[in-house]
Amino acid sequence: MDHAHPQKKFAVFFPVFLSFFVMGFVDIVGVATSYIKKDFGLSDSMANLIPMMVFVWFAVFSIPTVLLMGKIGRKKTVLISLCITSAALLVPLGFYDYFGMLVSFALLGIGNTVLQVSLNPLAAAIVSRERLASTLSMGQFIKAVSSFLGPVIMAFSASWLNNWHTAFLIYCVITILSILVLSSLKTNETATSETPQNPSSFKQLPALFNDRYLVSCVIVILLIVGIDVGLNTSIPKLLMERLDLDLDDAALGTSLYFASRTIGTFIGALLLIKLSPVRFLRVTLIVAILAFIGLMFSSSFWPLLALITVIGLACANVFSIIFSLALKHDMSHSNEISALMVMGVSGGALLSPLQGLITDQWNFTSGMSVILISLMIAGFISFKFKS
């Protein structure tokens, strides 16, 4: 594989990396929620049901996806996820109402769950062991680029195409292209398969919840994904309230957040070669807490943008560090732990509705305190991990 002709390498890696790009589509939920709230005059609690419809499925479908991979293979499982994603993206084009958007984002969440669980093992089946880490890192970078482009594509659709949800058509075309190119990819999964073939192995999963270390990891994953979604949905409204921007301009604040996360991923990858992951985790969470406190009370243009950038940089590597700590803790149950960590992504469904309820009851700043408390809990837990 490593000495293959460059054209052959491109033919192998392009379908996988394009699928990583599709994986980033789920992050449009934050900006889309702001547009949907505006279009249908929704309360914060009603609007924040939309992110919940995306992330609740990570708790439901993670383990069934691993079992499905064991039966039909990784490539077919990824193709199923892409088909579900394309169906999700078609819904708003024909049924643009509140219920239609709930259905669309529910399907998008299901498709993304299946994709996140199955795509990394597919990459493992087509690259050498030596190149797997760099391939997956590149995949995460491509996903981050997709997340960064989301608000830009939506702002372009709103400004130039006079309809923000025309962005769904653009995304759907890219997803269908991904299906076509992945269908042509030849894989030899049986030779390198690490997918558990025996469903009984997941009977051990409940026992993992007796391990306090792993429970701590799951809690931090739940919190950091919830924080990410909360920031995703809050940043446009924050900039609209504090700076009197219109939605199209304020939505670009989310792109700034994702851009800083993308840069933070690269910086973290370099620093973590020499630094202790646990110490790095503690320092970045402390920085994120201090920056977020500043964000809650700032009302000036440049300080707000600077604080959003710092928070994005600080939060960029939390998920990957926790995931690696969990796997290193018990390598003998790596498959079950991987499923457990992906289930933790459902944290995105937990904090957003709570934030919406508090905002409706009191005010926007009070709602943002949910994110601050979550950061503080994650920071506290980080000091329980051995450095």
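The values are calculated or read from the model by the stated rules, or taken from the named source; none is laboratory data. Bear in mind the structure is a predicted one, so any value in this text is a computation, not a measurement. A quick note on method: Cβ atoms are made from the backbone with ideal geometry, for glycine too, and the neighbour counts reach across all protein chains shown.
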If Gly312 meets every condition in (1) at pLDDT 90 or above; (2) over 15 Å from the mean Cα position of the chain (by Cα); (3) more than 19 Å from Val54 (Cα to Cα) apart from one, which number is that one? (2)
Evaluate the range 290-308: report whether one residue or more is of a type in the set (Gly, Ala, Ser), surrounded by 16 or more Cβ atoms within 10 Å (Cβ to Cβ) and in a loop (DSSP other than H, G, I, E, B). yes
For the range 301-337, enumerate the residues that are among the small types (Gly, Ala, Ser) and without any contact (Cβ under 8 Å) to a residue 40 or more places away in the chain. Ala306, Ser332, Ser334
All positions within the range 256-279 that are among the charged types (D, E, K, R) and either in contact with a helix residue (DSSP H, G or I) (Cβ under 6 Å, 6 or more places away or on another chain) or not in a loop (DSSP other than H, G, I, E, B) (or both): Arg261, Arg279
When you scan the range 107-125, do you find a residue that is surrounded by fewer than 17 Cβ atoms within 10 Å (Cβ to Cβ), among the hydrophobic types (A, V, I, L, M, F, W, C) and part of a helix (DSSP H, G or I), even just one? no
For the structure I just gave you, tell me whether Val229 is surrounded by 12 or more Cβ atoms within 10 Å (Cβ to Cβ), of a type outside the set (Lys, Arg), over 19 Å from Leu67 (Cβ atoms) and modelled with pLDDT under 90. yes
Of everything in the range 245-258, what is at pLDDT below 90 and either surrounded by fewer than 23 Cβ atoms within 10 Å (Cβ to Cβ) or within 14 Å of Ile28 (Cβ to Cβ) (or both)? Give them in sequence order. Leu245, Asp246, Leu247, Asp248, Asp249, Ala251, Leu252, Thr254, Ser255, Phe258
Exactly one of Leu68, Leu42 is assigned to a loop (DSSP other than H, G, I, E, B), surrounded by fewer than 24 Cβ atoms within 10 Å (Cβ to Cβ) and either among the hydrophobic types (A, V, I, L, M, F, W, C) or touching a Lys or Arg at 6+ places or on another chain (Cβ under 8 Å) (or both), and that residue is Leu42
Quick one: what pairs do we get from the range 15-26, first residue in a helix (DSSP H, G or I), second surrounded by fewer than 21 Cβ atoms within 10 Å (Cβ to Cβ) and at pLDDT below 90, C-beta under 6 Å, 6+ apart or different chains? Pro15/Leu185; Phe17/Ile142; Phe20/Gly139; Phe20/Ile142; Phe21/Ile142
